Amino acid sequence: MACAIIVPKLKSRPAGPTGQTGATGATGPQGIPGLTGPTGPQGTPGVSRATFASPGPVTVSPNYTLVVSKPLPAGNWAIQANAITQHNGGNTSDAMTDCQLRKDGTFFIGGAVDQRLFGDKYFASCP
């Protein structure tokens, strides 16, 4: 014997008004890590060359004397200079040697000073 349950078809009715938003639920567990993204573009290149300038011995005056200059192409540069001075005085003296790095011979960009008590002949260094 077969048995069947028959449910009458329900008619749809219009939706009622939207209710109030409920309270926020608890935070769920951490998800699994995503896939690795594509490789980014290549960055700008770093230091690519070095250049030097060396004038040899230069006689300087008590005023600033241009010892060496080096034209540099546009870009970013790290500049380092050493100057060694020799004084052939007659006796012990308190002396000072100072050096300046200048852009285009005018704009001061760095410098150093060496001041101390020297004997008859001395060498001073401005790194």
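Taking the criterion of being without any contact (Cβ under 8 Å) to a residue 12 or more places away in the chain, under 30 Å from ALA95 (Cβ atoms) and either small (Gly, Ala, Ser) or not in a loop (DSSP other than H, G, I, E, B) (or both), the only residue of region 60-77 that qualifies is SER61. ALA26 satisfies every condition listed in (1) within 30 Å of ALA112 (Cα to Cα); (2) small (Gly, Ala, Ser); (3) loosely packed, with under 10 Cβ neighbours inside 10 Å except (1). Return the only residue of LEU66, LEU35 being under 19 Å from THR106 (Cβ atoms) and either touching a helix residue (DSSP H, G or I) at 6+ places or on another chain (Cβ under 9 Å) or open to solvent by 100 Å² or more (accessible area, probe 1.4 Å) (or both). None of the others qualify; the one that does is LEU66.
Here HIS87 fulfils each of the conditions (1) modelled with pLDDT of 75 or more; (2) in contact with a Phe, Trp or Tyr (Cβ under 7 Å, 6 or more places away or on another chain) apart from (1).
Taking each residue of region 44-59 that is in contact (Cβ under 8 Å) with a residue 40 or more places away in the chain and polar (S, T, N, Q) and looking for partners that are surrounded by 10 or more Cβ atoms within 10 Å (Cβ to Cβ) and in a loop (DSSP other than H, G, I, E, B) with beta-carbon atoms closer than 7 Å, six or more apart or interchain, yields nothing.
The values are calculated or read from the model by the stated rules, or taken from the named source; none is laboratory data. Everything numeric here is computed off the predicted structure, so don't read it as measured data. Please note: Cβ atoms are built from the backbone with ideal geometry, for glycine as well, and neighbour counts cover all protein chains shown. Surface accessibility is based on the protein's heavy atoms, side chains included, excluding ligands, DNA and RNA. Shrake-Rupley method; radii C 1.70, N 1.55, O 1.52, S 1.80 Å.
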